[in-house]
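Student: So that we are looking at the same thing, I have put the structure below in structure tokens.
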Amino acid sequence: MKFSIVIPNYNGAELLRKNLPKVFKAVDSNVEIIVVDDGSSDSSLDYLKTQPVKVLKNKKNMGFSSAVNKGVSSAKGDVVFLLNSDSFPEKDFLKPLDEDFKDPLVFAVGCLDKSLEEGKIILRGRGIGEWRRGLFVHSRGEIDKKNTLWASGGSSAFRKSIWQKLGGLNPIYNPFYWEDIDLSYRALKSGYKVLFEERSVIYHNHSQGAVKKNYSEHRIRRIAYRNQFIFIWENTTDFFLQIKHIFFLPYHFLKALLRLDLDFFIGFIEAFILLPRIINSSFKIQKKFTVSDRKVTEPFRK
């Protein structure tokens, strides 16, 4: 199995200087490494000129989905590993993944993410979720099982041939959040497998990433709310869940009002403005679905 590594970058020159040498040490020299610079205005491109990597450039900042899709399209590997610029892997982390992808139905494999958060290491990488009161709610899962509801876009491997069949990450989620959950969910609903591999380890410093560096806390929350609604409206095919979502919307609006959560309302409005685009996208992706929403989430309910 031939691997390529795709690293999206936005104004992350210092992160690249810190983590890229560690990536080189963790892989063989025959592994293709692609860095997609998403319109950086810092010294990222100057640094990348000195490194043995393939560099793709966006003239302006397009967002995570668009940057990653560009990198995957250019990759020569059968499997593409997506790695955040604020992360680096343990040596030989690709070997267990090579075993996992021997099953032709495996679309993606998420790695054990040793995430540095507020001075503590949190073990992430396996996701769970369920439909609750009309919303799809996801959370961190324990790392004691092989299945996962999604593979993280910053520390996971994806089979390129299936990626192309599914259409890759949906740019409607730009600039960030929910795009990896959406892609994994679409893969599961299309009959493919998404696995978790605890033997492959990635170290991740969340506080140093581009999102928190370039966006305010309120803007991040609004985007997260917006993309949650996009995910639901685009992917839900279960009629009962669709009705339940509409029925519970007043309940969620009231809760947001009581906690003075203006970001929730703005996120909903921003999603509603995109409704024609969401509907058009849903018609295309739902043609590939063969598995129901409830069957997909059944193994991951708390």
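The values are calculated or read from the model by the stated rules, or taken from the named source; none is laboratory data. Because the structure is predicted, anything quoted here is derived from the model rather than measured. Here the Cβ positions follow ideal geometry from the backbone for every residue, glycine too, while neighbour counts run over all protein chains shown.
Student: Could you run through region 75-95 and say how many residues are in contact with a strand residue (DSSP E or B) (Cβ under 6 Å, 6 or more places away or on another chain), surrounded by fewer than 18 Cβ atoms within 10 Å (Cβ to Cβ) and not basic (Lys, Arg)?
Tutor: The initial filter retains those residues of region 75-95 that are in contact with a strand residue (DSSP E or B) (Cβ under 6 Å, 6 or more places away or on another chain), namely 75-77, 79-83, 85-90, 93-94.
Going one step further and asking which of them are surrounded by fewer than 18 Cβ atoms within 10 Å (Cβ to Cβ), we end up with 76, 90.
So of that shortlist, the ones also not basic (Lys, Arg) come out as 90.
Within region 75-95, residues that are in contact with a strand residue (DSSP E or B) (Cβ under 6 Å, 6 or more places away or on another chain), surrounded by fewer than 18 Cβ atoms within 10 Å (Cβ to Cβ) and not basic (Lys, Arg) number 1.
Student: What number of residues within region 144-166 are surrounded by 15 or more Cβ atoms within 10 Å (Cβ to Cβ) and either modelled with pLDDT under 95 or closer than 18 Å to ASN227 by Cα (or both)? Give the derivation first.
Tutor: Taking region 144-166 as the starting set, the residues that turn out to be surrounded by 15 or more Cβ atoms within 10 Å (Cβ to Cβ) are 147-160, 162-163, 166.
Right, trim to either modelled with pLDDT under 95 or closer than 18 Å to ASN227 by Cα (or both) and you get 149-154.
Qualifying residue count, region 144-166: 6.
Student: Select, from SER85, SER74, SER115, SER66, the only residue that is closer than 21 Å to ILE220 by Cβ and in contact with a Leu (Cβ under 7 Å, 6 or more places away or on another chain).
Tutor: Every option except SER85 fails the conditions.
Student: Do you know which residues across region 62-89 are among the charged types (D, E, K, R) and either closer than 21 Å to GLY141 by Cβ or not in a loop (DSSP other than H, G, I, E, B) (or both)?
Tutor: Going through region 62-89, the residues among the charged types (D, E, K, R) turn out to be 70, 76, 78, 86.
The answer is LYS70, and nothing else.
Student: Separate question: If PHE101 passes every condition in (1) free of Cβ contacts under 8 Å to residues at least 12 places away in the same chain; (2) crowded, with 18+ Cβ neighbours inside 10 Å but one, which one does it miss?
Tutor: Of everything listed in (1) free of Cβ contacts under 8 Å to residues at least 12 places away in the same chain; (2) crowded, with 18+ Cβ neighbours inside 10 Å, PHE101 misses just condition (1).
Student: May I pose another question? Among the helices (runs of 4 or more DSSP H) confined wholly to region 167-250, which include 1 or more residues that are modelled with pLDDT of 95 or more and over 16 Å from HIS138 (Cα atoms)? Can you show your working first?
Tutor: On the way: elements: 179-189, 210-214, 217-235.
Ranges flagged: 179-189, 217-235.
Student: Only residues in region 124-143 that are over 19 Å from ILE202 (Cα atoms) and touching a residue at least 12 places away in the same chain (Cβ under 8 Å) count as the first member; pair them with residues that are of a type in the set (D, E, K, R) and assigned to a loop (DSSP other than H, G, I, E, B), Cβ under 6 angstrom, at least 6 apart or cross-chain, and list the lot.
Tutor: Here the result reads GLU130/ARG301, each pair linking region 124-143 to a residue that is of a type in the set (D, E, K, R) and assigned to a loop (DSSP other than H, G, I, E, B).
Student: I would also like to ask the following. When you check SER40 against the structure, is it crowded, with 22+ Cβ neighbours inside 10 Å, among the polar types (S, T, N, Q) and either touching a Phe, Trp or Tyr at 6+ places or on another chain (Cβ under 7 Å) or at pLDDT 95 or above (or both), yes or no? Let's see the steps before the verdict.
Tutor: On the way: crowded, with 22+ Cβ neighbours inside 10 Å: no; among the polar types (S, T, N, Q): yes; either touching a Phe, Trp or Tyr at 6+ places or on another chain (Cβ under 7 Å) or at pLDDT 95 or above (or both): yes.
No: the conditions fail for SER40.
Student: Checking GLN242 against (1) closer than 26 Å to GLY167 by Cα; (2) in contact (Cβ under 8 Å) with a residue 24 or more places away in the chain, only one condition comes out false. Which one?
Tutor: With respect to (1) closer than 26 Å to GLY167 by Cα; (2) in contact (Cβ under 8 Å) with a residue 24 or more places away in the chain, GLN242 is out only on (2).
Student: Same structure again: Going through ALA256, ALA271 one at a time, which residue ends up being at pLDDT 95 or above and closer than 14 Å to ILE172 by Cα? First the steps, then the outcome.
Tutor: Numbers: ALA256 fails: closer than 14 Å to ILE172 by Cα.
Result of the check over ALA256, ALA271: ALA271.
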